[in-house]
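**Q** Structure below; questions to follow.
The numbers here are math on the coordinates, done by the rules we state, and not lab data. Every value quoted in this text rests on a predicted model; they were computed, and no experiment measured them. Backbone-built Cβ (ideal geometry, glycine too); neighbour counts: all protein chains shown.
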Amino acid sequence: MCHLLSYCGCRKPKEVGYNYINIDDCYAEKTRSADGFIIEDAVRFKRGMKNLTDEIHALGFKVGIYGDSGWYTCAGYPGSFGNEMRDAKTFYDWGFDYLKYDNCA
């Protein structure tokens with residue numbers, strides 16, 4: 001997104017006061033891995049979440065991600081119920097700075 005804005009001649013997000021780039025719902029696969037971890041969507045995030053957060057950090061931004069306290073997110077992806085510590089560590093390992101924590105399901 002940051003690169004796209006600069007290509008279209010728009011002002012850069014940092015110049016207008018943005019500090020975070022946040023990813024909302026629908027970034028994960030619909031099911032967890034066999035050992036219970038959230039898996040980033042292989043089509044949308046081919047190079048992985050860690051690579052994405054590294055690139056965004058290199059542009060000078062902090063990065064946020066979405067989670068849900070229920071069994072499922074608002075869009076039906078895996079929520080964190082019963083996996084709170086595992087998911088927090090996953091988000092940390094992926095390089096996220098901020099967590100938007102919803103309560104849909």
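**Q** Report, by chain and number, residues whose modeled amide H sits under 5 Å from the one on Asp41, excluding near sequence neighbours (fewer than 5 apart, same chain).
**A** Ala28, Glu29
**Q** Less than 16 Å apart at the alpha-carbon level, and either on another chain or at least 8 residues along: which lysines does that give for Lys89?
**A** Lys89 reaches Lys50, Lys100.
**Q** If you don't mind, another one. Once amide H atoms are placed 1.01 Å from N in the peptide plane, what residues at a sequence separation of 5 or more from Phe81, or on another chain, have their amide H within under 5 Å of its amide H?
**A** Amide H to amide H, under 5 Å and 5 or more residues apart or across chains, Phe81 pairs with Gly70, Trp71.
**Q** Here is a follow-up. May I ask you to derive the relative contact order of the chain, considering only C-alpha pairs under 8 Å and at least 6 residues apart, and to give it as an integer percent?
**A** Details: 160 pairs, mean separation 28.9, N = 105.
Value for the chain: 28 percent.
**Q** With a sphere of radius 14 Å drawn around the Cβ of Ile21, what net charge do the other residues whose Cβ falls strictly inside it have (Lys, Arg +1; Asp, Glu -1)?
**A** Working: positive: Lys12, Lys14, Lys62, Lys100; negative: Asp24, Asp54, Glu55, Asp97.
Computed value for this residue: 0.
**Q** Which residues' amide hydrogens lie under 5 Å from the amide hydrogen of Tyr66, considering only partners 5 or more residues apart or on another chain, with H built in the peptide plane?
**A** Under 5 Å from the amide H of Tyr66 lie the amide H atoms of Ile23, Lys100, each far enough along the sequence or on another chain.
**Q** Would you be so kind as to identify which of Met49, Ser69, Phe37 lies farthest towards the positive end of the dipole of the chain, taking Lys and Arg as +1 and Asp and Glu as -1 on Cβ and the Cα centre as origin?
**A** Result: Met49, furthest along the dipole toward the positive end.
**Q** Only Lys, Arg, Asp and Glu count, each charged at its Cβ (+1, +1, -1, -1), so figure out the dipole size of the chain about its Cα centre, rounded to 20 debye.
**A** Values: 13 positive and 15 negative charges, 69 e Å.
I would put it at about 340 debye.
**Q** If the cut-off is 14 Å between C-alpha atoms, which aspartates and glutamates fall inside it for Lys62, apart from same-chain ones fewer than 8 positions away?
**A** Excluding near neighbours in sequence, the set is Asp54, Asp97.
**Q** In terms of Cα to Cα distance under 17 Å, which lysines are near enough to Lys46, apart from those fewer than 8 places away along the same chain?
**A** Leaving aside lysines fewer than 8 places away in the same chain, those within reach of Lys46 are Lys30.
**Q** Whole-Hz Karplus ³J(HN,Hα) for the stretch 70-77, in order, using 6.51 cos²θ - 1.76 cosθ + 1.60 and θ = phi - 60°, x for Gly and Pro?
**A** Each residue of the stretch 70-77 in turn: x, 5, 9, 6, 4, 9, x, 8 Hz.
**Q** Next question. Taking K and R as +1 and D and E as -1, what net charge do the other residues with C-beta under 15 Å from the C-beta of Phe45 add up to? Mind dumping the intermediate values first?
**A** Numbers: positive: Lys30, Arg44, Lys46, Arg47, Lys50; negative: Asp24, Asp25, Glu29, Glu40, Asp41, Asp54, Glu55, Asp93.
Spelling it out: positives minus negatives among the neighbours equals -3.
**Q** Along the stretch 42-58, what does the Karplus equation 6.51 cos²θ - 1.76 cosθ + 1.60 (θ = phi - 60°) give for ³J(HN,Hα), rounded to whole Hz, x for Gly and Pro?
**A** 5, 7, 6, 10, 4, 8, x, 5, 4, 4, 4, 5, 4, 5, 5, 4, 4
**Q** A further question on this structure: Rounding to the nearest 10 and keeping the result within 0 to 90°, find how far the Cα-based axis of helix 84-94 lies from the longest principal axis of the chain.
**A** Between helix and principal axis, roughly 30 degrees.
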